[in-house]
Amino acid sequence: MGPDAELVAGIRTALAAAGDPERAADQQRYMKSEMPYRGISSSELTALLRPLLSAWDPGDRAAWEATVRALWDGATHREEWYAALAVARHRRARPWLDAGSLELSRHLVVTGAWWDVVDVVAVHLVSVALRADRAAVEPVVRAWAGDEHLWLRRTAVLCQVGARDQVDADLLRHVVEANLDDGSFWLRKAIGWALRDRARTDPAWVRAEVDRLGDRLPALSRREATKHL
């Protein structure tokens with residue numbers, strides 16, 4: 001089944017009619033984005049999308065995924081990417097956030113390749129899939145942790161943020177250790193964030209990991225991990 005063309009057109013029309021050119025230039029500059037912005041704030045975008053998505057029923061997985069891809073792949077402004085992510089996170093799509101959604105998540109991460117979209121995929125899409133279908137999703141996350149693509153590795157590191165008592169400590173240890181030697185700010189920051197989030201529910205485990213890793217843990221990661229300990 002193809003995308004919901006009416007929804008896609010409605011979203012694009014609403015986005016094109018909104019925004020602030022001056023803010024758009026500031027947003028694009030701040031995000032270092034090649035793709036331009038419309039100049040719509042996060043709260044404005046949420047309000048704009050609410051009436052379009054509140055009663056939307058994608059019908060089935062194929063239509064949902066096709067609609068996400070249509071918005072994403074045809075985007076001319078970055079807010080269309082954000083709208084695509086809102087469609088991906090739609091409450092009626094939650095049953096489809098399982099191992100079968102990972103190819104879509106991979107596509108969004110690899111083509112988005114920047115923190116504002118990658119982190120949403122990691123924390124709100126891959127994380128849900130992992131908890132829903134752990135046996136099938138965990139091997140993929142482990143593979144992504146060692147992938148040549150920086151943003152897939154960041155996704156693997158961050159995909160348990162917010163999971164609280166459902167965190168798989170062995171998986172977290174694996175994705176952290178797989179990226180300790182990466183000099184990228186984006187990986188070092190992600191490692192620190194993931195460990196800091198884990199410290200909310202198990203500070204003793206994080207202290208032990210920080211001590212165990214010693215000098216292998218980059219200074220930035222260490223600072224972030226221990227910020228609230």
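The values are calculated or read from the model by the stated rules, or taken from the named source; none is laboratory data. Values in this document were obtained by computation on a predicted structure and should not be read as measured data. FYI the Cβ positions are ideal-geometry reconstructions off the backbone, even for glycines, and counts take in every protein chain you see. The accessibility values were calculated without ligands, DNA or RNA, using every heavy atom of the protein model including side chains. Shrake-Rupley method; radii C 1.70, N 1.55, O 1.52, S 1.80 Å.
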key: Dipole magnitude of region 2-65 about its Cα centre (Cβ charges: Lys, Arg +1; Asp, Glu -1), debye to nearest 20   = 220 debye
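Carbon and sulfur atoms: what percent of the 1.4 Å accessible area of the chain do they account for? Don't skip to the answer; put the middle values down first.
Values: 5400 of 10620 Å².
That fraction is 51 percent.
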ask   = Kirkwood Rh, region 1-137, all Cα pairs: how many Å?
value = 15.2 Å
request  = For helix 42-53, report the angle its Cα long axis makes with the longest principal axis of the Cα atoms of the chain; keep it between 0 and 90° and round to the nearest 10°.
outcome  = 60 degrees
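Explain nothing, just the number: dipole magnitude of the chain about its Cα centre with +1 on each Lys and Arg Cβ and -1 on each Asp and Glu Cβ, in debye rounded to the nearest 20.
Details: 32 positive and 33 negative charges, 127 e Å.
Computed about the Cα centre, the dipole is about 600 debye.
How high is the relative contact order of the chain, in percent, counting Cα pairs under 8 Å that sit 6 or more residues apart? Don't jump to the answer; show the numbers that get you there.
On the way: 287 pairs, mean separation 29.9, N = 229.
Once normalised by length, the contact order is 13 percent.
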key: Spatial separation of Cα centroids for region 1-45 and region 150-229, in angstrom   = 33 Å
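For region 15-85, what is the accessible area per residue in Å² when the probe is 1.4 Å? Show your work: numbers first, answer last.
On the way: 3540 Å² over 71 residues.
Computed with neighbouring chains in place, this is 50 Å² per residue.
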note = Among Ser105, Val128, Pro36, the residue whose Cα sits farthest towards the positive end of the charge dipole of region 22-142, when +1 is placed on the Cβ of each Lys and Arg and -1 on the Cβ of each Asp and Glu, is Val128
remark   = Per the charge dipole of the chain (beta-carbon charges, Lys/Arg positive, Asp/Glu negative, Cα centre), the residue among Ala24, Leu85, Ala219 reaching farthest to the positive end is Ala219
query = What does the helix-only formula give at 222 nm for the chain: each DSSP H stretch with n ≥ 4 adding -39500 (n - 2.57), the total divided by the residues, and the result rounded to the nearest 500 deg cm²/dmol?
reply = -19000 deg cm²/dmol
inquiry  = Please report the accessible area of Glu209 (heavy atoms, 1.4 Å probe, ligands and nucleic acids excluded) in Å², nearest 10.
reply    = 10 Å²
message = Can you compute the equivalent ellipsoid semi-axes for region 154-229, i.e. the square root of 5 times each eigenvalue of the Cα gyration tensor, sorted largest first and rounded to whole Å?
response = 16, 14, 11
Debye log10 I(q)/I(0) for region 81-162, one point scatterer per Cα, at q = 0.15, 0.26 Å⁻¹ = -0.43, -1.38
